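> Let me give you the structure first, and then I'll get to my questions.
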Amino acid sequence: MNRCVIALFSRAPEVGKAKTRLAQTHGDDFAFDLATAMLADTLALCASIKVTTHLFLTPDEFDGQQLWSGVTNAQGGGDLWARLLRADAHLRAQGFERVVFIGSDSPDLPSHLLEAAFASLESLPLVVGPSLDGGFYLLGSARHLPAYLFEGVPISARDTLSHLTENLHSLSHDHDLAFRTLSAWRDVDDEADLKLFIERLGEAPNAAPRCRVVLSRYGIL
C-alpha cells in the first residue's frame with residue numbers, strides 16, 4: 001500500500017526495565033525475554049501485511065539496529081502525546097498519507113485489524129482500536145493528527161479511551177473528523193493479561209511464535 005506506514009512505538013527491551021509488572025512475578029530475565037519476543041512478533045506482524053514500518057524507540061540512545069534492520073527513529077522527549085504528534089509530522093514530511101500507530105504490547109493482534117485500519121483510512125480521517133484495559137492499541141489518521149485530539153486525555157489510565165473517544169466525537173461534530181472504531185483487543189502488561197494471552201495462543205496456533213518459544217522455555221506454556 002503506497003503512502004501507508006505503520007509507526008510502531010516501543011520501549012527498547014532492557015533487563016530490569018522491561019515489563020516490570022510481569023518481572024515482579026517471573027523475574028527480570030523472563031520479562032526482558034518476553035518483551036524482546038513481543039517486539040519481534042509485532043515487527044513480523046507488520047511485515048506480513050506488506051506496509052512500510054518505522055520503529056520509534058525509547059530511550060533515544062538505544063541502537064535500534066540491535067533489534068531489526070529497518071528504519072528506526074528515536075521517540076524524543078515529552079509525554080506520549082507529544083511524541084506521537086512529532087512522529088506523525090515526521091512521517092508526513094516524508095510523504096506518507098495514512099499513518100497507523102501501534103505498540104508492541106499486543107503481539108498476537110490479528111493482521112486483519114491492521115488491514116481494516118488502513119482500509120478505513122481510505123474513506124475516513126481517523127480510526128481507533130480500543131484496548132480492553134481502557135486504552136487503545138491502535139490509532140490511525142489520514143490527516144495530520146490534531147493536537148487538540150489529546151487535550152485532557154490521561155496517559156496509560158483506565159479512562160484514556162473514554163476521554164479520547166469523547167474528543168473524537170467532539171471533533172467529528174465540529175471539524176468533520178469522522179472515525180471508525182475497530183474490534184477491541186487486549187495488551188499484555190500484567191499477570192492477568194499473560195494468562196489471557198496464553199489462552200488466546202491456544203486458539204490461534206500461528207500467532208506470536210517468538211513469544212511461544214519464550215513461554216515454553218520458562219515452562220509457562
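> Would you kindly identify the strands (runs of 3 or more DSSP E) lying entirely within the stretch 90-171 that contain at least 1 residues that are in contact (Cβ under 8 Å) with a residue 12 or more places away in the chain, among the aromatic types (F, W, Y) and out of contact with any Lys or Arg (no Cβ under 8 Å at 6 or more places or on another chain)?
98-103, 136-141
> Just name the residue that is surrounded by the most Cβ atoms within 10 Å (Cβ to Cβ) out of those in the stretch 15-31 that are touching a residue at least 24 places away in the same chain (Cβ under 8 Å) and of a type outside the set (V, I, T).
Result: K19.
> Scanning for something crowded, with 18+ Cβ neighbours inside 10 Å, small (G, A, S) and not in a strand (DSSP E or B), does the stretch 65-84 turn up at least one residue?
No, there is no match, as no residue in the stretch 65-84 is crowded, with 18+ Cβ neighbours inside 10 Å, small (G, A, S) and not in a strand (DSSP E or B).
> Now for a separate question. For the stretch 142-163, give me each residue that is closer than 13 Å to L84 by Cα and either hydrophobic (A, V, I, L, M, F, W, C) or within 18 Å of the chain's Cα centre (by Cα) (or both).
If the condition is that a residue be closer than 13 Å to L84 by Cα and either hydrophobic (A, V, I, L, M, F, W, C) or within 18 Å of the chain's Cα centre (by Cα) (or both), then L145, A147, L149, F150, I155 are the ones that fit.
> Still on this structure, please answer the following. Within the group G103, G134, which residue is at positive phi, surrounded by 14 or more Cβ atoms within 10 Å (Cβ to Cβ) and not acidic (D, E)?
Exactly one residue qualifies, and that residue is G134.
> Continuing with the same structure: How many residues, within the stretch 187-212, are at pLDDT below 95 and among the β-branched types (V, I, T)?
0
The values are calculated or read from the model by the stated rules, or taken from the named source; none is laboratory data. Here the structure is a predicted model, which is why all the values come from computation and not from measurement. All Cβ positions, glycine included, derive from the backbone under ideal geometry; neighbour counts span all protein chains shown.
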